[in-house]
1. Please find the FRET efficiency linking Ile285 to Glu218, where r is the Cβ-Cβ separation and R0 is fixed at 56 Å, and quote it to the nearest 0.05.
2. I need the fraction of alpha carbon pairs in segment 248-324 separated by more than 15 Å, rounded to a whole percent.
3. Once you have a ≥ b ≥ c as the square roots of the Cα gyration tensor eigenvalues for segment 104-255, tell me rounded if a/c is under 1.5, and otherwise prolate or oblate according to whether a/b is larger than b/c.
4. Take the Cβ-Cβ distance between Glu69 and Leu260 as r, set R0 to 45 Å, and report the resulting FRET efficiency rounded to the nearest 0.05.
5. Can you run the Rg to Rh ratio on the chain? Use alpha carbon positions and the Kirkwood inverse-distance Rh.
6. Would you kindly derive the ³J(HN,Hα) couplings of segment 268-281 from the backbone phi angles with the Karplus curve 6.51 cos²θ - 1.76 cosθ + 1.60 (θ = phi - 60°), listing them in order in whole Hz, with x for Gly and Pro?
7. Output the peptides 35-41, 135-141, 305-311 sorted from most to least packed, where packing is the average of other Cβ atoms within 10 Å over each peptide's residues.
8. Indicate the gyration tensor shape class of segment 218-352 (rounded, prolate or oblate), computed on the Cα atoms with a ≥ b ≥ c the square roots of the eigenvalues: a/c under 1.5 is rounded; otherwise a/b larger than b/c is prolate and the rest oblate.
Amino acid sequence: MASGAARFETPRPAPELSIVAPAYNERDNVRPLTQAIARAMEDVRWELIFVDDDSPDGTAQEVAALAREGAPVRCIRRVGRRGLASAVVEGVLAAESELVAVIDADLQHDETRLPVMLELLQTTDVDLVVGSRHVAGGGMGEWDIGRQRMSRFATWIAHRLAGVAVSDPMSGFFAVRRSVVEVSIYDLSQQGYKILLDILTSSPRPLKLAEVGYVFRERNAGTSKLDVVVLIEYAFLLIDKLTRGLIPPRFVLFCAIGGLGLACHLVVLDLAIGQGVSFLRAQGIATLCAMGFNYILNNTITYRSARLKGLRFAVGYLVFSAVCSLGALANISVANLTLREVGSWPLAGIAGALMSSVFNFGVATHFVWRPRRPRRRANVVLRASA
Ligand code: GDD
Ligand code: MN
């Protein structure tokens with residue numbers, strides 16, 4: 001050993017299983033989850049990696065406090081980035097063990113199944129073990145009927161469109177070889193919640209799979225983060241997979257909202273003309289309303305992770321309107337050119353509309369909803385738990 005080289009004490013044995021828990025506002029679940037895993041994994045060396053998206057409730061600080069008490073836990077705190085799937089990917093890449101389990105932080109997944117999942121990975125050549133609610137020993141628990149129906153429909157789509165064979169492709173509870181994720185890393189969509197489906201449909205080779213039944217439990221503390229945008233992101237994921245990443249899913253949503261905006265335009269135009277307003281003035285009012293409508297929907301859904309609020313919302317609207325006006329100009333000139341060259345007005349109309357959608361999308365993505373530095377937050381005061 002070169003003289004002066006740092007001497008490390010006895011090498012500490014690597015964990016047999018790294019467990020990744022994506023977390024957003026899960027402070028009150030950090031300790032109960034860690035203790036439950038400790039009880040379930042008595043004879044196994046394990047580490048628990050919380051991937052926290054800068055939760056305002058002090059989740060990251062709670063993990064740090066627990067680590068100081070000697071628990072094999074650590075936290076990856078992500079600032080300016082949001083999303084369950086991408087959080088899981090970052091956790092898996094940071095895992096010390098080649099064998100990695102993914103579990104929600106709210107104790108709805110059954111940690112007592114972890115040893116079985118680990119054993120399957122250690123003793124067979126299975127690549128991925130899915131915690132399933134739809135095999136023997138599995139169940140949806142007390143989950144409300146609405147969520148159950150939604151999950152079954154999403155499962156049906158995943159079976160039909162993505163052609164995956166597992167019984168519960170919507171599961172957020174699974175164990176996998178880290179190398180399986182690493183080899184697909186550049187093809188993963190990392191959209192929304194459905195990281196398991198993302199891994200299954202991004203792997204360059206068919207994966208060897210196993211399933212272990214578990215009953216989905218009530219949440220221990222806090223609230224679910226699932227909302228309509230997560231459902232749209234599921235559609236994003238499917239679009240991305242079906243088009244092999246050729247069409248940015250956001251563009252599809254941007255155009256769909258553009259279509260809704262057109263309908264809004266026509267409704268307002270009709271209403272205004274009905275009130276006796278002159279066509280030109282009515283057209284102006286309808287254009288402003290449609291732009292506002294598009295802007296609000298895109299800010300709420302399409303660009304959720306870069307959502308604008310307060311003064312930025314107002315400035316964003318002005319920039320968006322300016323962008324759309326330029327887009328309208330581009331639309332008219334391309335439509336004009338196409339009409340002169342091809343002589344077909346439907347084709348000219350479509351060419352113009354396509355031109356403005358691509359233009360508006362490109363410019364709006366880079367100028368209106370560009371990624372921003374997160375704002376400094378007041379210090380989090382951690383109250384020592386009893
Ligand atoms: N880092 C990070 N960032 N974590 C997140 C985010 C995020 O944006 N959104 C949610 N999480 C974490 C939550 O804190 C929780 O630990 C876990 O992801 C699951 O979120 P829930 O909001 O509790 O999801 P659910 O209970 O409605 O649905 C879960 O179970 C279903 C059945 O297995 C999810 O795992 C679904 O994917 C799954 O289908
Ligand atoms: Mn949950």
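1. 0.65
2. Tail of the P(r) past 15 Å holds 58 percent of the pairs.
3. Details: a/c = 1.86, a/b = 1.16, b/c = 1.60.
Taking the square roots of the gyration eigenvalues as a ≥ b ≥ c, segment 104-255 is oblate.
4. Working: r = 52 Å, r/R0 = 1.16.
Rounded to the nearest 0.05, the efficiency is 0.30.
5. Dividing the radius of gyration by the Kirkwood radius yields 1.06.
6. These are the phi-based 3J(HN,Hα) values: 5, 4, 4, 4, 5, 5, x, 7, x, 6, 5, 4, 4, 5 Hz.
7. Details: 35-41: 16.7, 135-141: 14.9, 305-311: 13.3.
In decreasing order of mean packing, 35-41, 135-141, 305-311 become 35-41, 135-141, 305-311.
8. Oblate, because a/c is 1.5 or more while a/b does not exceed b/c.
No value in this document is a laboratory result; all are computed from the given coordinates. Keep in mind the model is a prediction, meaning the values are calculated, not measured. Neighbour counts run over all protein chains shown; Cβ positions are idealised from the backbone, glycine included.
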